[in-house]
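Engineer: Okay, handing you the structure first.
What follows is calculated from the coordinates using simple rules that are stated; it is not laboratory data. Since this is a predicted model, take the numbers as computed values, not measurements. Every residue, glycine among them, receives a Cβ derived from its backbone with ideal geometry; neighbour counts consider all protein chains shown.
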Amino acid sequence: MIDRPGALMIYCCHRNTGDLALKLTEQEKSMLRGEMGEGTRIAMEIVVQLGELYGAERLLPISNAHIDAAAYTTVWEAGSDFIEFLADHGAKTAVPTTINPVSKDIENWKKLGISEGFAKKSRRLEEAYLRMGVIPTWTCAPYQAGNVPKFGEVVGWSESNAVNFVNSAIGARSERLPDLADVCCAIVGRVPEFGMYLEENRLGNILFSLQGFDDTWFRDSLDYALLGYFVGETAINRVPVVEGLPKTAGVDDVKAFSAAAASGGAVCRFHLIGITPGGDTPAMAFGKKTAHETVIVRPQHLLETRKKLSTAAGTAADMVLLGCPHASCEELDRTAELIRGKKVSKHVDLWIMTGRVQYRLAAERGAIQILEEAGAVILRDTCLMEMDEGTGRWAGKTVVTNSGKAAQYAPAINGVRIIMATLRECVAAAVSGIFTGEHCHGDQ
Ligand code: F3S
């Protein structure tokens, strides 16, 4: 039970629905009057305030939700109080709702050196979500854990890589919902109609045209991550249209692009011509709009992006980090094949982050066993960037990774330095302890 209601006081007064600019249905008004419980009333109050803030005219029903605010290190005590308050007051998710990684590997947290006190804080949050009925996917790649909406479906998602992916690779509709408001949308089963829910905001408005890339490029997800980061940094919050990529791009490649574009900038919708749905040609992706700007992307831009993200001074690796966003079964398989018969250097931690669904599939295919025998640590249900309880235990370490998102956030959150590498280079660095790529476009 909450003992510090502080920030919740603002939501304790019942509002007069007649004052609202937002048009509500009878059922929505009933939620706002508290006729479906106090938890639902508070959630609806917040959804309405979000709608008013963005000038929405109405709420849209959603068919499913994905919550970002799962980690204790995202919401801390105040956020945990809030989630527990909602659960204590009978709030339940109204639609199927998946959820992001938490702050600990739920089974193996002790082996990872997480303290009892920190684990307890994470557990309190996990339990509150479970009481509300979330599906315990604990992954940032919900689209690889069974949450795959249909093209055009209206959903309420948060987690930047996931929102970018669902809007672009799947073609469903979601705004990048704020943490904690995402939970409220899942409880009331509605989102305000704003931003990416409106057709006119979904059309492309900046063109990226790839030129000069030979067929040694885009064989590894790293190149998609570098391109995504460059595009995100340049487009900022516009809707980029990218032409010139090979049509062979796979789901994990688009995932790498999506995460990096949402980290290098604030992109939450993109078109990859010939790859993502609804944009087979630039004309379709732009619709009635014209590109504000055309950017020619050459290999040099991606080489420079790689150099910029690679902040480490030397080549000795302390950690190799894979699975940001969470690794798929395919990625775990590929990594296992690269490391089969070898051992991780005793000077290096090889950490691979994944969700429990893909872990189970990879375990059945034997990949987990190969990886663990080689000395890799498979982190389930969590994320390096959410596990640091302020100990600073990774500060100053050199991390080799293929993830544009990890390269953006881990230095600030964990105090590490980065070397960007292909999957093959990552595995080689884990085995030898030394990164031997050339900070340029490596072999595949
Ligand atoms: Fe996922 Fe953590 Fe990366 S939540 S996207 S593994 S920063």
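Engineer: Rounded to the nearest 0.05, what FRET efficiency is calculated for GLU26 and ALA395 with R0 set to 41 Å and r the Cβ-Cβ distance?
Structural biologist: That gives a FRET efficiency of 0.15.
Engineer: Would you compute the Debye intensity of the chain from its alpha-carbon atoms alone, equal scatterers and no solvent, and pass along log10 I(q)/I(0) at q = 0.08 Å⁻¹ to two decimals?
Structural biologist: After summing over all Cα pairs, the log10 values are -0.46.
Engineer: Could you tally the net charge around ASN64, taking each other residue with its Cβ under 15 Å from the Cβ of ASN64, Lys/Arg +1 and Asp/Glu -1?
Structural biologist: Result for the neighbourhood of ASN64: -1.
Engineer: How big is the antiparallel share of DSSP beta bridges in the chain, given as a percent to the nearest 5?
Structural biologist: That works out to approximately 10 percent antiparallel.
Engineer: A follow-up question, please. For the pair ILE296 and GLU200, what calculated FRET efficiency results from E = 1/(1 + (r/R0)^6), where r is the Cβ-Cβ distance and R0 = 25 Å, to the nearest 0.05?
Structural biologist: Computed FRET efficiency for GLU200 and ILE296: 0.40.
Engineer: May I pose another question? Is the shape of the stretch 340-444 best called rounded, prolate or oblate, per the rule: a/c under 1.5 gives rounded, else a/b larger than b/c gives prolate, else oblate, with a ≥ b ≥ c the square roots of the Cα gyration tensor eigenvalues?
Structural biologist: Oblate is the answer for the stretch 340-444, as a/c is 1.5 or above yet b/c matches or exceeds a/b.
Engineer: Evaluate the relative contact order of the chain (contact order divided by residue number), counting alpha-carbon pairs under 8 angstrom at least 6 apart; express in whole percent.
Structural biologist: Rounded, it is 16 percent for the chain.
Engineer: Another question about this same structure. Residue-wise, which Karplus ³J(HN,Hα) couplings in Hz belong to the stretch 35-48, taking 6.51 cos²θ - 1.76 cosθ + 1.60, θ = phi - 60°, and x for glycine or proline?
Structural biologist: In residue order, the calculated couplings are 6, 10, x, 5, x, 5, 4, 5, 4, 5, 4, 6, 4, 5 Hz.
Engineer: Out of all DSSP beta bridges in the stretch 292-444, what portion is antiparallel? Express it as a percent rounded to 5.
Structural biologist: 5
Engineer: Related question: Using packing as a proxy for protection, rank 362-375, 37-50 so that the peptide with the highest average count of other Cβ atoms within 10 Å comes first.
Structural biologist: Sorting 362-375, 37-50 by mean packing, highest first, produces 37-50, 362-375.
Engineer: Cβ under 15 Å from ASN205's Cβ, ASN205 left aside: what net charge do those residues give with Lys, Arg +1 and Asp, Glu -1?
Structural biologist: +1
Engineer: Another question about this same structure. What ³J(HN,Hα) values, in whole Hz, does the Karplus curve 6.51 cos²θ - 1.76 cosθ + 1.60 give for the stretch 119-126 when θ = phi - 60°, with x put for Gly and Pro?
Structural biologist: For the stretch 119-126, the Karplus curve yields 4, 5, 5, 5, 4, 4, 5, 4 Hz.
Engineer: Give a residue-ordered list of calculated ³J(HN,Hα) values for the stretch 169-174 (Karplus: 6.51 cos²θ - 1.76 cosθ + 1.60, θ = phi - 60°; whole Hz; x for Gly, Pro).
Structural biologist: Here the 3J(HN,Hα) series is 6, 9, x, 7, 10, 8 Hz.
Engineer: Here is a follow-up. When ranked by the protection proxy of mean other Cβ atoms within 10 Å per residue, highest first, what sequence do the peptides 269-280, 85-96, 217-228 form?
Structural biologist: Packing order, densest peptide first, comes out as 217-228, 269-280, 85-96.
Engineer: Is there a quick way to get the dipole size of the stretch 130-192? I mean about its Cα centre, with the Cβ of Lys and Arg at +1 and of Asp and Glu at -1; what is the value in debye to the nearest 20?
Structural biologist: 140
Engineer: Now for a separate question. Under 5 Å between amide hydrogens, which residues at least 5 positions from ILE206 or on another chain qualify, with H placed 1.01 Å from N in the peptide plane?
Structural biologist: VAL239, VAL241, HIS292
Engineer: If you rank TRP351, TRP138, TRP157 by fewest surrounding Cβ atoms within 10 Å, what's the result?
Structural biologist: With the fewest neighbours first, TRP351, TRP138, TRP157 line up as TRP351, TRP138, TRP157.
Engineer: Any idea what angle helix 221-235 forms with the longest principal axis of the chain, computed on alpha-carbon atoms, 0 to 90 degrees, nearest 10?
Structural biologist: Between helix and principal axis, roughly 50 degrees.
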